Structure formats: C-alpha cells, structure tokens
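K.L.:
This structure is in structure tokens; I'll ask about it shortly.
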Amino acid sequence: MNEKNNPAPPFPRKPARGDAYIREHIKERNNRYRPKYHAAVPFGWANDPNGCCYFHGRVHLFYQHNPYAPHWDLMHWGHMVSENFLTWKELPIALGPDQAYENGGGCFSGTAIEKEGLLCLMYTGTSKDFQQQCLAVSGDGVNFTKHPENPVIPHTLVPDAFSDKDIRDPKVFTAGGKYYCLAGTKTAETGRGNILLFRSDSLTAWEPVGPLFDTDNPKASNYFSLDGVCECPDYSVIDGEEILIFSPENMVPEGDSFQNVHCSVWMRGKLDLETGRFDYTDMKELDGGFDFYAPQTFKLPDGRSILLGWKEMWGRNFPTEADSWVGSFTLPRELSMKNGKLLQQPVREIRKYRKGRVKLDETVLPEGKDVSFPDFCGTSCELVLKIAAGAAKKTGVKLFCGTDHETVLCYDRESGILSLDRSASGIPLSDDRGPSVLRRVKIGHRKNLTLHIFLDVSCLEVFVGEGEQVLTANVYPDPADTGIRFFAEGGEARLVTGTLYGIRV
Ligand code: FRU
C-alpha cells in the first residue's frame, strides 16, 4: 500500500554514510563552546531527544540528527549511551532515511519500548506525502532493522478530521496488557493542535482510539486550542499522577509564561484509554528559561522518572553553527510530584562526580557592591547557593563574568520574581520575536532562596528550591569570563551558604 502511494525508489542515503562523513570531517569541529558534561551532537545538527530509555544497563539517548551539516535537513536518529548520566559514548547512527516512506523529511522523532527482550523504536517516517508511524527493532540496542510491515500506523488510519501530513512523534507505552501510542497532530481544516491515541496488541497492527483534546468548546475539561502541531507528546505516571507533556508550536505568551516561540508544557489529568480524552486541571510551562524543547521521559529500573530535553530553541541564531555542530541536551532530570507540583532535580548520580569543593562562609552582601571570592569561579561546575534577601530589594548572582560580559540571575524580593538576563552574556541571541534576553519566573516570597546551578561552558541550568522551577539557557561568553559575583540592591542581603564543585568527567 505504501509503495503505491510512494512509488519513489528506496531512498539511497544509507546511515553508514553519515558515520563515515562524521569521521572524515570531525577535525573541522571547533570545541570552544562544547559543554564538558552535557550530551551534545558530535558533528552536524541535533534536535529532539528520541527513544530515551534504559536498556541493557545503559541509558540510551537517540536524537534527531543531520550528520552532514550544522542545520536541520533530512533526519536521521543519532545515538549515544551513558552509564553514569554524565559522559556519553557515541554509537553508530541508528536510523537513516533509506525507505520510500521516509523520502520526504526522513526519520522524525519517536520513542523506545522493550518487547520480548528487543529494543523497539517507534518513529515517524516522513515521506513527500504523509507522516506515518514506523517501527525499527534491535536485539543489541545498537543495530536496528526497519520492520517489513512499515508503516505500522499508515496514513489511512488517521481519522479524516486530522492531518495525515502532520501526525508525528509517536510515544508508545503499555497499559492493561495493551500497547498505546500517542501522536501529535492538528485538525485538517482549522490547523488546531491535538494528540491522537492509538491502540495495539502487537506493536504492528494499530487502531485509532481518539483525540485527547476538544479544540472547540472552551468549557470542556479537555479543551486545548492553538494553531500548530502538539509536538512530541509524552505520557507517564509519576508518583501516582498521570502527567502529559508536549511541545505546542506557536505558544501564545501569557504574562511571563510561554515567552519562547515554541514551549514545552505539562498537564496533570486523566487519560481515558477507551476514548482518548484527556481531562486536565492545569497546564504549566516545564522550563522557564530560553533553551528547552521536545523533552521525553523514561523510567529507570528503580522506578524513577527521568526527563531529558533539547537544550536549544527553534528560530534563533546558533553561534556554534560556525563550529560545525549545533545541538545539545539538558542534564537528565529526576521528576517527582509534590502537592500537585511537578518537581525536577538533576539526576542524583551526578553527585558522585563532584570534585574540588570550595565552600564559602556566611557573608554579608553589601548594597551596590559586587562580591566575589578567591577560587569561587569557573565555567564548568556546580553551585549550591542559599541567599537571604534580607532588606535588599534585589539580590542574586552574576555568572560567566568578565570584563565585558555577565549573565545575571536576580531575585526581586517584592515581586517574588526570579529573572535570568543574558543580554550581556556574550554573542547576542535573538529569535523570531526579537532579542532573546530576559526570562522571568514567579517563585514567590522566600526568606531563603535556594539555587542549584550547573554551568557548562556555554550553558546554565538553574534549579530553584526543590525543583519547582528550572531555567535553562545557552550563553556564549569569552573563555576568560570565569567570574562569579554576588550582589544586592536597595539594601543588604546575605549569602547564607555557597558551595562550588568541579565535575569529574
Ligand atoms: C520537534 C519536531 C518534531 C519532529 C522533529 C523533526 O522539534 O518538529 O515534531 O518530529 O522535530 O526533526
């Protein structure tokens, strides 16, 4: 059936060519902005994390990949693995476009599931005419074979009301002895984003169940309506709560929230496996920073839920394009639920790799005068800070500081807002909406502000309090911008504790 629709000959570009191309060209890569302990594409381009899973004792991170150049093009699945969540070993490209059903955009995003000891990847085959869901299987978790029955969810199974040109990013999971698959899509006529649920006994023969959202009736408890595809759906049960995550294109800003052109959101609710309907109570942004998209979750054998996201953003300039690589990922984050809030924490295993602790004594932060400390500096390290705003109107920390640059994390005591300002960080960044310089998250009034910050050459991830807010950003300072300075404005503040750790990789 598919061959009839796509009479083009099998697509000639084999994945092995991509690996060989990288080997030949890797010397051209400039490492000035390469993170030391964040996963990043070896060469060329990477976007979404794909197929994140724990298989045969290792964490597998596949990703959307163009091995040939540092920009988006025909999609492959790059592949790396980690045993410690911190250092990543590159493996051969897992999937490349070589079938007629991939002759448009290639192998788009998807997820992994283990079945009878095999690692199965569900991904979107993007042909010139359709997006269809496909399966690839591996016994060793390294070499994958595309299923002869592909596409296993052909475009003919997409209900008429939805677009069969925009239906992608399958998330596979099991419930009650059956397989389920979520795929992001939009309505055929009005282009409103939705997610479709499919069901299967086998992973190869699927039937449609129904859409998650009502895009018409604002009073419905599953109402969600936005122009564009709900990309990269993810669904999991975390501490007994059903959590839906997805990345809606063209999110509309709401106050300080959803400032990125494309955002990633989470919803707490209930998925009806008979109808597909997802009733939810609230929708929140997953990360209050600039560079975060298309996250996926997966479970570790001990039950922990881990999240990984793309640590870049569509539609902005990419300074590392000049260095032959674009595309990096967040640290793996542990997810938990507390009083209806989704908490994110850096995966605990990372602590084992701390080295060279610098601990500060309690210090007054005088008004209007930055404070720095000997040896309390660096661009690839971890900071654990507790700051009491006291009488200060504003207080915080400046990172990646040098003569011309600084990246400022500032807590405004009166408004309870934490802001991240990268306007003076280094190479200017702007996106489709203009300069991409300031993000603000409401964290409320706190006597002590606890910040857990990871700096890694060209990025920072800031975990606030117990992880109720996270801000992720890429910055492109000079190598000499290693300073860390504390500040207070409009009164005195106090640094209660401050610890800096190096990270052994
Ligand atoms: C999200 C996305 C997915 C798609 C992939 C293509 O960033 O647009 O919807 O599968 O990227 O690379």
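The values are calculated or read from the model by the stated rules, or taken from the named source; none is laboratory data. As the structure is a prediction and not an experimental result, all values here were calculated from the model. Virtual Cβ from ideal backbone geometry, glycine too; neighbours counted across all protein chains shown.
K.L.:
Confirm whether T330 is closer than 27 Å to D432 by Cβ, away from the ligand (no atom under 14 Å from the Cβ), at pLDDT 95 or above and of a type outside the set (D, E, K, R).
P.N.:
yes
K.L.:
Considering only residues of segment 261-274 that are under 21 Å from L343 (Cα atoms) and within 16 Å of the ligand (Cβ to nearest atom), which is surrounded by the most Cβ atoms within 10 Å (Cβ to Cβ)?
P.N.:
Going through the qualifying residues, I end up with S264.
K.L.:
Criterion first (among the charged types (D, E, K, R), modelled with pLDDT under 95 and either in a strand (DSSP E or B) or on the phi < 0 side of the Ramachandran plot (or both)) does D140 satisfy it?
P.N.:
In short, yes.
K.L.:
In segment 402-416, what residues are acidic (D, E) and either surrounded by fewer than 21 Cβ atoms within 10 Å (Cβ to Cβ) or not assigned by TED's automatic domain parsing to the domain that holds L385 (or both)?
P.N.:
D404, D412, E414
K.L.:
Residues of segment 191-212 being in contact (Cβ under 8 Å) with a residue 60 or more places away in the chain, over 27 Å from E116 (Cα atoms) and surrounded by fewer than 21 Cβ atoms within 10 Å (Cβ to Cβ), which ones?
P.N.:
G210
K.L.:
Any residue that is surrounded by fewer than 20 Cβ atoms within 10 Å (Cβ to Cβ), more than 16 Å from the ligand (Cβ to nearest atom) and in contact (Cβ under 8 Å) with a residue 24 or more places away in the chain - is there at least one of those in segment 151-158? If you could, list the steps in order and put the result at the bottom.
P.N.:
First, the residues of segment 151-158 that are surrounded by fewer than 20 Cβ atoms within 10 Å (Cβ to Cβ): 156-157.
Okay, now just the ones that are also more than 16 Å from the ligand (Cβ to nearest atom), so 156-157.
Restricting the remaining residues to those that are in contact (Cβ under 8 Å) with a residue 24 or more places away in the chain gives 156-157.
Within segment 151-158 (the criterion being surrounded by fewer than 20 Cβ atoms within 10 Å (Cβ to Cβ), more than 16 Å from the ligand (Cβ to nearest atom) and in contact (Cβ under 8 Å) with a residue 24 or more places away in the chain), the answer is yes, since at least one residue qualifies.
K.L.:
Given the residues K186, K165, which is the only one that is within 22 Å of the chain's Cα centre (by Cα) and in a strand (DSSP E or B)?
P.N.:
Only one candidate qualifies: K186.
K.L.:
Could you list, ordered by first residue, the pairs with Cβ atoms under 7 Å in which the first is in segment 427-449 and in a loop (DSSP other than H, G, I, E, B) and the second is polar (S, T, N, Q), at least 6 apart or interchain?
P.N.:
L429/N317; L429/S436; S436/S430; V437/S423; I443/Q469
K.L.:
Between residues in segment 358-384 that are assigned by TED's automatic domain parsing to the domain that holds F487 and residues that are of a type in the set (K, R) and not in a loop (DSSP other than H, G, I, E, B), which pairs lie under 6 Å by C-beta distance while being six or more apart or on different chains?
P.N.:
Short answer, once both residue conditions are applied: V364/R494; D370/R485; S372/R485.
K.L.:
Further question: How many residues are away from the ligand (no atom under 14 Å from the Cβ) and part of a strand (DSSP E or B) if we restrict to segment 309-327?
P.N.:
1
K.L.:
Sticking with this structure for a sec: Condition first: aliphatic (A, V, I, L, M) and assigned to a loop (DSSP other than H, G, I, E, B). Now tell me which residues in segment 258-272 satisfy that.
P.N.:
V261
K.L.:
Take segment 166-183 and flag every residue that is under 25 Å from E249 (Cα atoms) and buried (at least 18 other Cβ atoms within 10 Å of the Cβ).
P.N.:
Selection gives D166, I167, R168, D169, P170, K171, V172, Y180, C181, L182, A183.
K.L.:
Take the residues in segment 236-260 that are surrounded by fewer than 20 Cβ atoms within 10 Å (Cβ to Cβ) and either hydroxyl-bearing (S, T, Y) or assigned by TED's automatic domain parsing to the domain that holds I443 (or both); name whichever of them is farthest from K284 (Cα to Cα).
P.N.:
Checked segment 236-260; the qualifying residue farthest from K284 (Cα to Cα) is S236.
K.L.:
Another question about this same structure. Would you call P148 part of a loop (DSSP other than H, G, I, E, B) and within 16 Å of the ligand (Cβ to nearest atom)?
P.N.:
Criteria not met by P148.
K.L.:
So which residues in segment 104-135 are surrounded by fewer than 24 Cβ atoms within 10 Å (Cβ to Cβ), within 15 Å of the ligand (Cβ to nearest atom) and either over 22 Å from the mean Cα position of the chain (by Cα) or outside the structural domain of V59 (by TED's automatic domain parsing) (or both)?
P.N.:
G104, F130
K.L.:
Any residue in segment 47-74 that's assigned by TED's automatic domain parsing to the domain that holds N143 and more than 17 Å from T111 (Cα to Cα): show its pairings with residues that are in a loop (DSSP other than H, G, I, E, B) and more than 10 Å from the ligand (Cβ to nearest atom) at Cβ separation under 6 Å, as long as the two are six or more apart or on different chains.
P.N.:
P70/S324; L74/P97
K.L.:
Next question, about the same structure. Using the structure shown, decide if S458 is small (G, A, S), within 21 Å of the chain's Cα centre (by Cα) and more than 28 Å from M337 (Cβ to Cβ). Spell out how you get there, then give the answer.
P.N.:
Working: small (G, A, S): yes; within 21 Å of the chain's Cα centre (by Cα): yes; more than 28 Å from M337 (Cβ to Cβ): yes.
The answer is yes for S458.
Results for (1) within 22 Å of H38 (Cβ to Cβ); (2) among the charged types (D, E, K, R); (3) not assigned by TED's automatic domain parsing to the domain that holds S328, shown as yes or no for each residue.
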site: R433; (1), (2), (3): no, yes, yes
site: R439; (1), (2), (3): yes, yes, yes
site: G444; (1), (2), (3): no, no, yes
site: K447; (1), (2), (3): no, yes, yes
site: I453; (1), (2), (3): yes, no, yes
site: D456; (1), (2), (3): yes, yes, yes
site: L471; (1), (2), (3): yes, no, yes
site: Y476; (1), (2), (3): yes, no, yes
site: T482; (1), (2), (3): yes, no, yes
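K.L.:
State whether one or more residues within segment 177-185 are within 16 Å of the ligand (Cβ to nearest atom) and touching a Gly at 6+ places or on another chain (Cβ under 7 Å).
P.N.:
No, segment 177-185 contains no residue that is within 16 Å of the ligand (Cβ to nearest atom) and touching a Gly at 6+ places or on another chain (Cβ under 7 Å).
K.L.:
Now a separate question. Search segment 235-255 for residues being at pLDDT below 95 and in a loop (DSSP other than H, G, I, E, B), and hand back the single one that is nearest to P295 (Cα to Cα).
P.N.:
E249
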